[in-house]
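Report on the structure given below.
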Amino acid sequence: MELESKIIMKGARKQKRAYHRLLKDMNIKCCDKPTQNLMICNAGLSTGLEQEMLQNIVSPILPNCELIMPPGRTYSFIKCNSETDAIELYNKIHGRVKLEGQTTPLYLTYTESVPNLNTNSDYVLPPGLKIIEDFISKEEEKLLLGIVDWTEKGPFSSDLKYRKVKHFGYEFQYHSNKVDPDVPIMPIPEECKFLQDLFKKHGCGEYEYDQLTVNHYLPGQGIPPHIDTHSPFEDTILSLSLGSSCVMNFKRGDKKIDVVLPPCSLLIMTGEARYAWTHGICSKNSDLVRTTNGLIKQTRDIRTSFTFRKVRRGPCPCNFVEYCDTKKDSISALTDDKAGAELEKSYVHKVYDEISDHFSETRNKGWPNVIKFLNSLNNGALIIDVGCGNGKYLQTNENIFKVGCDRSFKLTEICRQRNFEVLLSDCLYLPYKNNSVDAGISIAVIHHLSTRERRKQAISEMIRVLRPRGKCLIYVWAKEQNRNSAQSNYLKYNTSKKNEKEDDACTLQRTEQNLILPVHKNRTEFTHSDMLVPWKKKSGNNFLRYYHLFEEGELTELCSEIPLCCDWCVEQRLIRIDSSKVETNINPTGAIGKETINNVNIQQNVKMPPKCKFQEGEKVLCFHGPLIYEAKCLKSSITKEKQIKYFIHYAGWNKNWDEWVPESRVLKYNEANVQRQREVQRAHSNQQSAQKTKKGGTGSKTQGRRSDVGREKDTDSRASTPIANVDKSISRLNKSTGSIVTPSSSHDTTTEGPRKKRSRVEASGESEEYLTKVEVKIKIPEELKFVLIDESEVILKHHKLPVLPVKNTVDKILDDYVESKSVGKPETTRESVMEITKGIRDYFNITLGLQLLYKWERPQFIQMVNDNPDVLPSQMYGAFHLLRLFVRLGGMLSYTTLDERSIQLLLSHFHDFLQYLQKNHVELFNLQQDYTDPPPDYHRKYG
Ligand SMILES: O=C(O)CCC(=O)C(=O)O
Ligand SMILES: [Fe+2]
């Protein structure tokens with residue numbers, strides 16, 4: 001009795017809720033009195049109930065009921081043959097039967113009717129999907145089935161894991177999911193000609209289909225869920241089913257629809273169904289199919305499908321940006337500086353000139369953190385505001401000198417009217433001398449630069465003009481507007497009604513540069529990293545501004561790639577990024593700042609969410625051994641440890657050479673990198689010929705072995721001996737050439753290859769000095785080069801880590817050196833040696849985390865910094881790491897403004913110190929003592 005009343009109470013609540021839902025969804029009324037129709041209020045396809053499960057519950061009570069399970073719904077229906085049957089089911093199931101693993105029982109209610117889920121009804125099919133049953137006759141089916149002989153493997157046919165395929169017209173390439181539109185293959189067979197006429201008759205697209213893929217499925221085989229890539233094929237895709245029928249599963253988001261494909265039927269996918277729904281066939285032996293006699297289990301037989309597509313020869317015009325490869329490609333292809341500059345000209349510079357008055361009216365109040373920063377500067381400090389807009393920050397803190405610059409002439413005019421000191425200038429080329437300002441701010445500016453290189457250059461420019469110990473503050477817009485489950489004000493101030501249904505697809509705009517970019521809807525989440533953001537003028541005119549929305553950690557990563565402390569005595573120029581200061585700031589007009597740059601958190605680099613820089617099918621350049629080769633990225637994958645790797649095919653090489661490589665070995669295929677490829681090749685050839693001369697052309701063994709790595713334009717199938725793995729190749733090469741191994745010269749780091757010298761023409765009078773400066777070379781003693789080579793092997797090959805703190809720390813080595821130099825010498829000698837060692841120590845402490853570590857060592861370093869925040873690297877690391885500094889130091893000194901004499905003086909000290917290391921190398925460089933195996937989970941986490 002107690003159970004009875006519980007069922008009644010709970011059931012009544014469920015029934016009431018179901019009543020409203022059903023009426024709203026399907027215009028079906030629930031009934032208090034028994035009918036022959038039952039609704040299961042709390043179980044349906046979208047709650048995980050499967051037809052087979054329901055069948056197993058209902059059949060033992062009444063074998064002949066029809067089950068109706070509307071796709072994507074949380075409820076389902078049972079149609080009984082009579083009211084009496086329905087009452088029986090109701091009494092046995094309602095509130096009593098539980099599904100496996102569920103705590104709540106099923107609740108039922110009687111309904112006036114059940115939904116009509118006829119497969120051809122618009123309700124059940126995804127929008128844009130149509131099925132024409134009996135599209136061809138049985139004779140025609142037979143004729144088509146005879147076209148492909150699956151017993152032999154003809155051209156352009158392959159055995160895939162779960163089916164066989166054959167292509168006509170154009171080959172569908174499964175590694176890229178595209179076709180090459182310039183390479184036609186054998187045409188669609190003549191026997192299919194009648195189909196083209198039939199397609200026309202049925203209005204299946206206006207085009208003559210020119211690509212055919214025939215899929216051959218054995219029972220139990222299928223095709224994984226996919227959307228046919230947008231870029232290679234036009235809108236309408238047709239699939240003719242022959243042989244066995246099967247169920248094809250369609251899915252978009254949480255909407256799932258199963259569609260029966262009977263033999264001889266034609267499936268037509270257009271619009272949303274083609275562009276936004278995945279389709280696939282489960283690999284199973286049977287399907288549950290609803291017929292007029294209820295649900296039946298249909299065993300699968302061999303099924304063959306003819307999929308007809310039309311190769312696209314232009315951009316995809318669809319509105320389903322999130323599924324469209326052409327939209328994604330569009331901006332990611334923008335690595336070219338010139339194209340980037342053009343885009344900014346139209347969608348940043350021009351726009352700000354147009355909207356300057358209205359923009360200025362809305363920009364009055366500064367962001368509190370920027371004001372705090374400005375107020376924290378010393379009296380008399382000189383500060384630049386890069387991208388100063390209407391100069392709202394130029395009025396803060398009258399005790400400092402402020403100079404603004406902006407790329408918009410109109411905005412600089414506004415500043416001038418307000419009596420601010422401004423220059424019309426591009427943030428990529430600041431019109432200020434090196435080391436000339438005490439502080440800089442750049443608020444909401446750098447996100448208007450459209451390529452990574454340009455964004456990086458803008459930051460480099462800020463650093464260049466900053467004096468030693470100068471500070472700067474940079475804010476950019478963040479893509480992510482929800483942090484720690486809290487919405488930013490930017491989203492909160494959305495005035496549109498909460499329940500208003502957002503359009504699924506966002507609008508796209510083709511820019512004047514022929515790029516397709518998504519247009520952002522103000523006060524909503526940013527859906528893409530590169531977007532056009534509307535500005536509506538009071539007059540009603542709409543303008544679009546280009547924005548790059550920064551992902552979490554992106555700004556930090558960018559900064560970490562900039563040689564921030566290039567000058568010997570300017571160590572404090574290092575920008576620090578403090579994670580605790582990462583914040584989303586919003587000013588009253590809705591602009592968003594993301595990361596405050598004023599303090600290093602190298603951890604952020606490590607924690608960056610992985611994002612593939614390279615697309616599948618993309619032409620790239622890739623390091624193999626010491627050289628860079630043209631290659632193609634076939635696949636990408638993210639390891640458990642969140643490392644991205646790519647499966648690379650080297651152009652012109654046999655595919656046996658295809659290999660997985662880490663992202664650090666892959667470069668964008670662009671002019672700059674092709675140039676770099678040539679430079680690397682040239683340097684390598686020079687090195688080799690120098691080596692040859694040195695060795696007197698004796699044709700040493702190593703030389704012979706090396707020749708295979710040096711073949712840049714190798715077009716053979718690379719049958720000769722390769723260098724089997726990169727680590728080996730580095731050490732082998734370097735051993736034989738005597739060049740030095742450090743993290744930066746190996747493939748292990750993200751800063752691949754030689755760093756390019758600054759080529760910008762200085763705006764100040766220093767340009768000539770820069771241009772005439774020669775490269776500073778620090779000579780590493782021969783013995784010590786081998787020390788580094790051996791060390792690299794221990795780390796890269798044997799995956800050892802330094803034992804921290806090492807026995808002879810950098811501090812100790814430097815102190816001992818001072819002592820050794822001072823015995824019996826006047827105090828002044830001691831002082832000058834101490835000054836040098838202090839410089840080395842400081843420089844070591846700053847550069848270690850940024851430039852001197854192998855990737856493998858970085859997590860250990862971060863851990864060390866976290867565990868011992870007050871401990872300096874020079875108190876932990878030893879001679880090996882110190883030696884790595886000297887390998888990098890020469891290159892860094894080349895960028896200083898120190899005069900020739902000072903450099904010579906420094907060099908003489910360095911060389912003396914290196915001689916000291918060499919003399920004591922047996923004691924100082926002890927691999928066995930200073931390296932050990934990492935803790936077991938280190939491999940799992942970072943390997
Ligand atoms: O077998 C089918 O009907 C569909 C085949 C398909 O989706 C494809 O090849 O892309
Ligand atoms: Fe498909």
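Bear in mind that the values in this text are calculations on the coordinates, not laboratory data. Not measured: the values here are computed from a predicted model. Here Cβ is always computed from backbone atoms with ideal geometry, including for glycine, and neighbour counts include all displayed protein chains.
Among Gly890, Gln863, Thr809, whose Cα projects farthest towards the positive end of the dipole of the range 773-910, with charges put on the beta-carbon of Lys, Arg (+1) and Asp, Glu (-1)?
Gly890
Cα centroids of the range 406-421 and the range 27-81: how far apart, whole angstrom?
The distance from the Cα centre of the range 406-421 to that of the range 27-81 comes to 71 Å.
Going highest first, how would you order 154-164, 205-215, 230-240, 369-379 by mean Cβ packing within 10 Å?
230-240, 205-215, 369-379, 154-164
Bin all alpha-carbon pair distances of the range 817-890 at 10 Å intervals from 0 and give each bin's fraction as a whole percent.
Using 10 Å bins, I get a P(r) of 18, 43, 27, 11, 2 for the range 817-890.
Listed here are the pairs Lys797/Lys855; Lys142/Lys193; Lys178/Lys255; which of them are more than 18 Å apart at the Cα?
Lys178/Lys255
Short version: ³J(HN,Hα) in whole Hz for each residue of the range 156-170, in order, from phi by Karplus 6.51 cos²θ - 1.76 cosθ + 1.60 (θ = phi - 60°), x for Gly and Pro, what are they?
6, 10, 8, 8, 8, 4, 10, 5, 10, 9, 9, 10, 10, x, 9
Once R0 is set to 51 Å, what does the formula 1/(1 + (r/R0)^6) return for the Cβ-Cβ distance between Lys777 and Ala339, expressed as a FRET efficiency to the nearest 0.05?
Details: r = 38 Å, r/R0 = 0.74.
Working from the Cβ atoms, E equals 0.85.
Could you point to the residue in Gly203, Tyr275, Pro224 farthest towards the positive end of the range 161-297's charge dipole, with +1 and -1 charges on the Cβ of Lys/Arg and Asp/Glu respectively?
Towards the positive end, the residue furthest out is Pro224.
To check my understanding: the extent here is largest minus smallest coordinate of the Cα atoms along each principal axis. What are those three numbers for the range 36-176, in Å, largest first?
Ordered largest first, the range 36-176 gives principal extents of 62, 35, 30 Å.
Largest first and to the nearest Å, give the Cα extent of the range 795-943 along each principal axis.
Over the range 795-943, Cα extents along the principal axes are 53, 34, 30 Å.
Return the long-range amide H neighbours of Phe250 (sequence gap of 5 or more, or a different chain), with a cut-off of under 5 Å between placed amide H atoms.
Amide H to amide H, under 5 Å and 5 or more residues apart or across chains, Phe250 pairs with Ile257, Asp258, Val259.
Which of Ser436, Phe401, Ser450 sits farthest toward the positive end of the charge dipole of the range 377-452, with +1 on the Cβ of Lys and Arg and -1 on the Cβ of Asp and Glu?
Ser450
Run the dipole for the range 66-189 about the Cα centre, Lys and Arg Cβ at +1, Asp and Glu Cβ at -1, nothing else charged, and hand back the magnitude in debye, nearest 20.
Computed about the Cα centre, the dipole is about 520 debye.
Listed highest first by mean packing, meaning other Cβ atoms within 10 Å per residue, what order do 174-181, 466-473 come in?
Put in order of decreasing packing, that is 466-473, 174-181.
Stokes-Einstein D for the range 131-200 at 37 °C, 0.692 mPa s, Kirkwood Rh over Cα pairs, in µm²/s?
234 µm²/s
Mind checking the alpha-carbon convex hull of the range 367-446 and giving the volume per residue in Å³? Kindly include the intermediate steps, with their values, before the conclusion.
Numbers: hull volume 6.8 nm³, N = 80.
Measuring per residue, one finds 85 Å³ for the Cα hull of the range 367-446.
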